[in-house]
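The values are calculated or read from the model by the stated rules, or taken from the named source; none is laboratory data. As the structure is a prediction and not an experimental result, all values here were calculated from the model. So basically every Cβ, Gly included, is an ideal-geometry build from the backbone, and we count neighbours across all protein chains shown.
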Amino acid sequence: MKFKAKIFYSNYADELIKLNYYIYKNPELGNHEIKARDAHTVLLEKNGFQIEKEFIGIKTAFKAAYKSKKAGPKIAFLAEYDALPEIGHGCGHNILGTASTGAGLILKEFVKDLGGEVIVLGTPAEETDGAKVDMAKAGIFENIDIVMSVHPTGGFHIESGSSQAMEAVRFKYFGKTAHAAGSPHLGINALDGVITLFNSINAMRQQICETDRIHGVITNGGEAANIIPDFSSADFYIRSSSDKELKILSERVKKCAQGAALATGTRLEMKNYEYSFKDLITNKKLSETYIKNLKLLGIKEIKKGGKAGSTDMGDVSYCCPTIHPSFPISEGELIGHSAEFAKASITEKAYEGMKEAVLSMVMTAVDIIADEELLKEIKEEFVLTHKK
């Protein structure tokens with residue numbers, strides 16, 4: 001039965017290609033994706049989905065749902081569609097979102113008869129604010145049985161792996177201005193606070209784990225060389241292998257910041273300038289089912305999932321069973337967040353990879369709807385994983 005997905009896909013293929021190309025040609029930054037949101041919802045609504053725009057109060061978010069008259073699992077596909085400054089869809093969220101909407105449309109054809117509910121959630125601003133974090137906090141995923149989303153990459157299909165937990169921290173140092181030549185002794189140099197912070201973190205790097213990452217930039221270093229700056233600031237991303245380890249590492253970095261303020265006589269303020277992301281915990285049983293279906297489609301070479309950067313899919317994975325595998329949009333490797341990556345997302349190779357990923361997600365969902373024992377195993381694994 002699930003192989004009917006191929007027939008259903010062919011019915012939507014042209015519209016999915018048009019959707020992907022339209023969003024590629026109209027890149028919008030996070031929380032400004034009006035055209036992308038509307039393009040997704042128009043296609044979903046005309047095919048029988050109930051649409052809720054500005055979902056949970058987020059302007060460019062949406063919820064599209066199709067519910068069978070028969071009871072069954074609630075399965076969600078998450079669509080992203082935010083672009084990057086200057087290079088447009090250098091992370092391929094145009095095709096990521098298209099894949100999720102495509103999976104929703106095709107699964108609807110099965111849900112009508114098998115039962116259950118299929119949901120497509122439009123989740124803006126993955127690159128910055130991470131709308132999935134808001135949705136997780138609002139409890140949206142607590143009543144969803146399964147969540148799937150696929151990400152474009154270069155070369156091969158890749159199993160769902162893990163991601164790094166991340167905290168974004170802004171450090172502000174306040175001092176006192178003075179003439180740098182005439183009366184430097186009357187000043188308190190805020191830039192010294194920031195520089196001491198960088199030096200302290202660099203000294204600490206010898207004693208952090210190989211999976212930890214700390215990277216920052218000075219966002220304000222003063223206005224003129226002959227004025228001792230009374231304000232200086234730096235933005236940092238702090239990343240670690242898990243949410244638990246991140247809390248430990250972040251505390252160490254913040255102590256470096258406090259020590260820098262003490263050493264330089266400056267006043268320190270700290271705050272998060274973006275949402276923190278939890279690490280992605282892949283549900284292994286769900287992932288195995290997805291990979292099995294890829295192989296049934298004739299995909300022979302599938303790479304093991306590693307630990308990627310950071311994504312708000314991590315927060316979703318703390319709420320319900322989740323996978324986030326990758327599909328190829330090129331023959332060879334691609335550099336993420338590049339113009340080359342964006343261009344690859346509208347090629348025939350990209351559409352081939354997207355089709356394979358969409359079919360595998362749909363076939364996985366059909367397996368879950370048809371097999372209560374499989375869903376039970378997936379949920380039991382989720383409970384055990386999050387008890388650790």
Surrounded by 16 or more Cβ atoms within 10 Å (Cβ to Cβ) and under 30 Å from Glu377 (Cβ atoms): does that describe Phe55?
no
Within the range 43-97, the count of residues that are of a type in the set (Gly, Ala, Ser), closer than 13 Å to Val118 by Cα and not in a strand (DSSP E or B) comes to 4
From Ser250, Ser232, which residue is under 30 Å from His386 (Cβ atoms), in contact with a strand residue (DSSP E or B) (Cβ under 9 Å, 6 or more places away or on another chain) and either surrounded by 16 or more Cβ atoms within 10 Å (Cβ to Cβ) or not hydrophobic (A, V, I, L, M, F, W, C) (or both)?
Ser250
Unmet requirement for Lys74, which otherwise passes all of (1) touching a helix residue (DSSP H, G or I) at 6+ places or on another chain (Cβ under 6 Å); (2) surrounded by fewer than 21 Cβ atoms within 10 Å (Cβ to Cβ):
(1)
Residues within the range 253-287 that are outside any helix (DSSP H, G or I), hydroxyl-bearing (Ser, Thr, Tyr) and out of contact with any strand residue (DSSP E or B) (no Cβ under 6 Å at 6 or more places or on another chain), tallied:
1
Out of curiosity, is Asn11 assigned to a helix (DSSP H, G or I), surrounded by fewer than 19 Cβ atoms within 10 Å (Cβ to Cβ), touching a helix residue (DSSP H, G or I) at 6+ places or on another chain (Cβ under 9 Å) and among the polar types (S, T, N, Q)?
yes
Those residues of the range 45-72 which are in contact with a strand residue (DSSP E or B) (Cβ under 6 Å, 6 or more places away or on another chain) and either farther than 20 Å from Asn143 by Cβ or aromatic (Phe, Trp, Tyr) (or both) amount to Glu45, Gly48, Phe49, Lys53, Phe55, Phe62, Tyr66
Are any residues in the range 24-42 assigned to a helix (DSSP H, G or I), in contact (Cβ under 8 Å) with a residue 24 or more places away in the chain and touching a Phe, Trp or Tyr at 6+ places or on another chain (Cβ under 6 Å), and if so, which ones?
Ala36, Arg37, Thr41
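Conditions tested, residue by residue: (1) in the same structural domain as Glu380 (by TED's automatic domain parsing); (2) under 30 Å from Lys303 (Cα atoms); (3) buried (at least 20 other Cβ atoms within 10 Å of the Cβ).
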{"site": "Thr128", "(1), (2), (3)": "yes, yes, no"}
{"site": "Ala131", "(1), (2), (3)": "yes, yes, yes"}
{"site": "Gly139", "(1), (2), (3)": "yes, no, no"}
{"site": "Lys176", "(1), (2), (3)": "no, no, no"}
{"site": "Leu197", "(1), (2), (3)": "no, no, yes"}
Hey, any hits in the range 319-338 for a residue that's in contact (Cβ under 8 Å) with a residue 12 or more places away in the chain, of a type in the set (A, V, I, L, M), outside any loop (DSSP other than H, G, I, E, B) and surrounded by fewer than 18 Cβ atoms within 10 Å (Cβ to Cβ)?
no
Do we have any residue at all in the range 220-231 that's outside the structural domain of Gly314 (by TED's automatic domain parsing), without any contact (Cβ under 8 Å) to a residue 40 or more places away in the chain and in a strand (DSSP E or B)?
yes
Cβ-Cβ distance below 7 Å, separation of 6 or more or different chains: which pairs start in the range 165-184 with a residue that is closer than 30 Å to Asp279 by Cα and end on one that is part of a helix (DSSP H, G or I) and among the hydroxyl-bearing types (Ser, Thr, Tyr)?
Glu167/Ser250
With respect to the numbered conditions (1) more than 28 Å from Pro85 (Cα to Cα); (2) modelled with pLDDT under 95, which one is the sole condition not fulfilled by Gly306?
(1)
For the range 197-219, how many residues are part of a loop (DSSP other than H, G, I, E, B), under 21 Å from the mean Cα position of the chain (by Cα) and at pLDDT 95 or above?
1
Taking the conditions exactly as written (touching a strand residue (DSSP E or B) at 6+ places or on another chain (Cβ under 6 Å), over 30 Å from Tyr173 (Cα atoms) and modelled with pLDDT of 95 or more), does Ala357 satisfy them or not?
yes
Give the residue, chosen from Leu105, Leu121, that is assigned by TED's automatic domain parsing to the domain that holds Val366, over 15 Å from the mean Cα position of the chain (by Cα) and buried (at least 21 other Cβ atoms within 10 Å of the Cβ).
Leu105
Qualifying position, being of a type in the set (A, V, I, L, M), touching a residue at least 60 places away in the same chain (Cβ under 8 Å) and assigned by TED's automatic domain parsing to the domain that holds Ile378, among Ile188, Ile146:
Ile146
